[in-house]
1. Work out how far the C-alpha atoms of chain A reach from end to end along every principal axis, then list the three figures in whole Å, largest first.
2. Checking the cross-link filter: which aspartates and glutamates have an alpha carbon closer than 15 Å to that of A:Lys66, excluding same-chain neighbours under 8 positions apart?
3. What shape does segment A:553-658 take by its C-alpha gyration tensor, where a ≥ b ≥ c are the square roots of the eigenvalues and a/c under 1.5 counts as rounded, a/b above b/c as prolate, and the rest as oblate?
4. Please calculate the 1.4 Å probe accessible area of A:Arg314, with all protein chains present, and give it to the nearest 10 Å².
5. Would you kindly state how much longer the chain becomes between A:Ser853 and A:Glu327 on full extension, computed as 0.36 nm times their sequence separation minus their alpha carbon distance, in nm to one decimal?
6. Which of the cysteines in chain A are isolated, no other cysteine C-beta under 4.7 Å?
7. For the pair A:Lys406 and B:Lys472, what calculated FRET efficiency results from E = 1/(1 + (r/R0)^6), where r is the Cβ-Cβ distance and R0 = 30 Å, to the nearest 0.05?
8. Restricting to DSSP H runs of at least four residues, report the calculated mean residue ellipticity at 222 nm for chain A, -39500 (n - 2.57) per run over all residues, nearest 500 deg cm²/dmol.
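The values are calculated or read from the model by the stated rules, or taken from the named source; none is laboratory data. Because the structure is predicted, anything quoted here is derived from the model rather than measured. With ideal geometry, Cβ positions are generated from the backbone for all residues, glycine too; neighbour counts draw on all protein chains shown. To get the accessible areas, we keep the full protein, side chains included, count just its heavy atoms, and leave off ligands, DNA and RNA. Shrake-Rupley method; radii C 1.70, N 1.55, O 1.52, S 1.80 Å.
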Amino acid sequence: MKGIIKKIDRINFGLMSPEQIREMSVVKIERPDTYDEDGYPIESGLMDSRLGVIDPSLKCRTCGEKGGECQGHFGMIELARPVIHVGFGDDIHKILRSTCTECGRVLLDDDEIEEFTEKMEELQEAGESVEDLVKDVYKICKDKKTKEVCPHCGAEQEDIKIVKPIDIIEVRKQYDENGELMTEEDGTPLTEDYDLTASEVREKLQRIPDEDAYVLGVNPEVARPEWMVLTVLPVPPVTVRPSITLDTGERSEDDLTHKLVDILRINQRLIENMDAGAPQLIVEDLWKLLQYHVTTYFDNEASGVPPARHRSGRPLKTLAQRLKGKEGRFRSNLSGKRVNFSARTVISPDPNISINEVGVPEMIAKEVTVPTYVNEWNIEELKEAILNGPNVHPGANYVKKTINGKEMKVRVLDDNRELVVENLEYGDVVMRHLKDGDIVLFNRQPSLHRMSMMAHEVRVLPYKTFRLNLCVCPPYNADFDGDEMNMHVFQTDESRAEAKSLMRVQEHILSPRFGGPIIGAIHDHISGAYLLTRDGFTVREDDAFQMIRKSHLLNNEYVDKKHLKRKNRDWTGKELFSLLLPDDLNMNYKAEICRKCETCLKEDCQYDAFVVIKDGQLTHGAIDEAAYGSFSGKILDTIVKEYGPSRAKEFLDRSTDLAICGIMKTGITTGTNDEEIPEEAIEVIDAHLDKAEQEVDKLIATYEEGLLQPLPGRSAEETLEMRIVQVLGEARDTAGEIAEGYLTMGKQSQDDSYDYVMAVENHSVVMARTGARASMLNLTQITACVGQQAVRGGRIERGYINRTLPHFKKGELGAKAKGFVHSSYKSGLDPIEFFFHAMGGREGLVDTAVRTSRSGYMQRRLVSALEDLKLTADGSIRNTADTIIQFRYGEDGTDPTRSVGGKVIDMDDLFTEVLGDDADALLRLDSRDVGEDYGSREKDEMEYFEEENSDYESETEYESE
Amino acid sequence: MAKKDTFNALVTRGVETSVADELLTKFSTLKSISEAGVEGLMEIGLSEEVANDVITKVGKRASRSTAKKKAEEVEVVHMEIVSNKHHEYSDEEKKLLAMEEELGIKLPLKVIVDIASRLEGADISDEKCRELLTVADRMYQSHRMDPHESAGVMAAHSLGEPGTQMNMRTFHFSGVANILTTQGLPRLIEIVDARRIPSTPSMDIPLKGLAAEDEKVARLVSYEIETTSLLNIATVETDITNMRMIIHPDQRKMDERGVTMADIIERLNKVKALRGLVSSDDFEITVTSDEPSFKKLQVISDAVKNAKIKGIDGISRAVLTKDRDDRWKIITEGSNLKEVLKVDGVNNEKTMTNSILEVADVLGIEAARNAIIREAFGTLSEAGLNVDIRHIMLVADLMTNDGYVKAIGRHGISGRKSSVLARAAFEITAPHLLHAAMNGEVDHLEGVAENIIVGQPVTLGTGAVNLIYTPKKGDE
């Protein structure tokens, strides 16, 4: 609101010269103490009040501001002797190795210097990294260093070594008394290592001229090589290292302060010793100690340096540690920040609110506020809110007024309410409570895609949980087993406007991942809609109207009144569902319950699985997951794409309402009775499994006789294992198929003959077949046979020596001995089977734990690599350096969200629109791959994996920071 | 040696003695027999059947000559495919393209091709065709992505989010061939990492010409590819007393793989540790140590056992299977694209490896880009996850943008960003900052991470638009 937002144009990086450090310093720190006995900062101590203050009762002696207002000022420590900066040890080594021992010029001839300078300037102008070129320079010079003389002064070169992180060593060639080079027997020169002191290093670096420094990667505009060796150390202001007062009244200092105390102590001792003319050895020892403290002050995790520790033995957190890693400044405080006006609580479901709403507990609504500008139209309302005060719901907590250009924030209290209301005028800002219709941001971690943060409208509700519509569970990946979610309240009109047009739930029904709906009906919505719309379901007209009323279809802007007239007969479920559909909707598709018969009977499908919608009337087929489920809803998909998000939102809200009405009319129940199959079926299954187990035994016998023909490229053992797994797998599948034959949804048609008592109405099967929950695999595992348990991709191997459990003979290879569970869940597992099942189950859990961290890291890397790419106005994808990554996005510029099942446009729609009825011959409705399967496979498979936890060979290597 | 050896060799190869005698009337070496070919043998009065039999038994050389023939045939096919690389437009397509130009619109080629394919055979007036194109263009325009859309983040999310649903430790048998390949999340990570060698390198080699039809020829091709080590075809024994190794080649296995004694000796002589130590008689090969040291013998023993007699480095297994069109193809464990492409009988155009960097080295960066798309898409589909191919394309294009395959991560893209702050925020924070200071780098705050760090709107989406509305004064 307040003018131009962009303020920072660029950030220049550079090293500070000792002069700059002295210049910016407000005080020279000399005493290694902090506070005196009275708790006041000691003059020229580490807490000198010229460095700024933290205590609000004190005043900063530099700027005069109180504690909290003063942002702090730097001080400095004059180091008695120079010290190498840890972070630059490596660079100093490389630079020294690339320059002449005598004259300090870079070991390139003038032409080379010019060439490299030119190239680098070019790169720098283009804003690109010169790092690669600098590396080339280092490489050329390194070769010259050992083999040649200086091209500038002709001096012999001495090699430079480094002992990480900071010990620079000169490898000096040995000469005898006559000045002859001494050599080893084999002719290599005899050398001696000489430890360069920081002063010597600094002197060497000082000799490097600016032009040479440039090709060595030190930009003379902002840095000099010798600045990498410190002579004066900046002392950060106290605000950077505040001391904490414990409850006991004890003061606890920050780690940085501790480290600075160490540095100062040694520094003072060094000065004293030097002044007293102490022996060289002592001075050098102290110097080394100073170097150690400065090193750990910068980086306490430098390799080869023992970390400095706190008295308690905990390693200190010094400068580098503050910046680094997940909890470091960059990732924790700069890339992500803590915010106000946010709330977090447990979530619970509420099917009665719209998908774009969120139920907010009153308690939260009273705490998080919306800043509202007072104007002509809302002043009365806001006055009332202020009078309600902070503790009654539609109230207000603060009022912000601008008096004489100064902003004042007034807290609304019991005794000043009237006064505040009296003085309220246009332009004031009232921090009023959250109320119905406000727009807020709702989020659930892990925020893996943009649908993890969506804008909802507020519904203030009683109790203490956030309420959300069940259809938005899939995008958030939420369930209600104790999940918590976060809510953020927008504080500016711009953010609210942006959220309203870009982030609302209905704008995200389609997932950009595959261009299909990710928000959609789940669980009971699906089984409810099926029970309602399947053939033969009718309701009395009165009941029908009641359902229409209950699912808010009366006086609905999208439902034409003409459909709501009395029919004077029972209504079918299909008629009820048709009310939800736009009147000009035409489509047909195969429902989830489709049995994939060899020849499709289409409209005459005996399972009612061929859905036909003509002019908004559902004439054939039952509604199930394929119609409006999340990940796969075809009707939903069509409605969003053709009629827009608002219509789709309404469709989802109303259709789920209706489905719930339907399920309440028909009733739904499930229990183990659903998985009951006749005695004879169980016998058939058992016989089948026994046969398979015998077959396995036969295979083993063949193998033991050595007659098993190995598969090409496999050993006999591997072949046997593969064959057994295959035989057992097939056995389980057939067992499942047999059971499936008895597990029917109920009477499908009039002439359908079924004799089993339990098959009259099997809701478990209804749920599995319609895609509401569970799969036929789950049901057959309950009914027929659980199947092979797997650990590490194969049959179970581990346990005792050569056997899984002591119940078996050593080396036994049979089905049971290696984790084949013959029983069904319903009949119950025997102890051995149970144990194997638990083994498989445990592996699944471990796998999930490993997976989340690895995929999380992969996503972080992907986002970091791709975050800067955007589509420019000319249709190309570019990064921040304006490099073209793609000339046309995705080769056709199509938005995956808007694509038709990945295709640019829908051919059928095109032909229908242009040619009208003539187009029929050219349409390919059958092969229509609009949203073919979207994610239906994915769900099945997920469930399959969850259940089977068939996990395979392990791969150990794991990369993380 | 001469005739007697040849006779023995023939017999060990399973040629009947009578036939062998007959052969020796005209030929004196195995080589000459194989060079003569079937026709040559028939000339000396052998039946075709017997002649064929002899040729196959004589082994590798024979296959080479047939392979040569195949190679000629193959050349022709190759030329044809290269010249046919461009899409040949049909009449309908040409018509539509002309109209498109006339109307001044530009549709993706795929749309034109799709419309054309439906128009084929239907009687649609030009007027209607024009209308089709106009409407198609309207639809296309409405389906285009909006400018300033953060396509990158969308792609990253679309690839990362399904990662959480993927299975770890998933291995998959490619086809019936029983070759294990890494799948699932580990494979996806591997692709994105641009690893030099995948954890389970594998190749898919369709065959062509005779090799695709005939199992025997196909098998010969597979033996050209699969590494045959000495132990595959011979038993080796160590004679400690005489400081030597004795190799007993197994004739049956040698025939199977088309290896001759001469090949073995030649190959063994090429091994550095064995050079000059190999001697042979009719049935066995002896490698004698030149120094009386057990250490040396050990070295020799290892060298002999590991000696590669035939095949391509890196390919430890090659399994024959049939593809969908009932033609033979080879699936391998291990990958060496460059060498495999040289083998006769291999359908070069369709040979694939799952090692992306190898594709980049051998076929170039465009091929590598396609390989990334193919592998990533395949891995995701295998896991049953539906991800729009455009997202994968974007990742692949970014990875291959500058001509080298760069990894997604600190050694690749993220480590080379122009912004200091973005790099520091990703990984290895301190060194990036220190180097930036030394080099005097400038951060122009153009990217996302940097702007978030300094607390400004990012340059994507609504943040990319720099329009400010100043209302005229006095309008109120």
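1. Answer, in whole Å and largest first: 116, 100, 67 Å.
2. A:Asp48, A:Asp55
3. Judged from the Cα gyration tensor, segment A:553-658 comes out oblate (a/c at least 1.5, b/c at or above a/b).
4. That residue has around 100 Å² of solvent-accessible surface.
5. Values: separation 526, 0.36 × 526 = 189.36 nm, distance 1.64 nm.
So the chain would gain 187.7 nm between A:Ser853 and A:Glu327.
6. Those would be A:Cys63, A:Cys141, A:Cys471, A:Cys473, A:Cys594, A:Cys597, A:Cys600, A:Cys605, A:Cys661, A:Cys785, since no other cysteine Cβ in chain A comes under 4.7 Å of theirs.
7. On the way: r = 30 Å, r/R0 = 1.00.
The computed FRET efficiency comes out at 0.50.
8. Values: 27 runs with 329 residues, N = 961.
Calculated at 222 nm, the ellipticity per residue is -10500 deg cm²/dmol.
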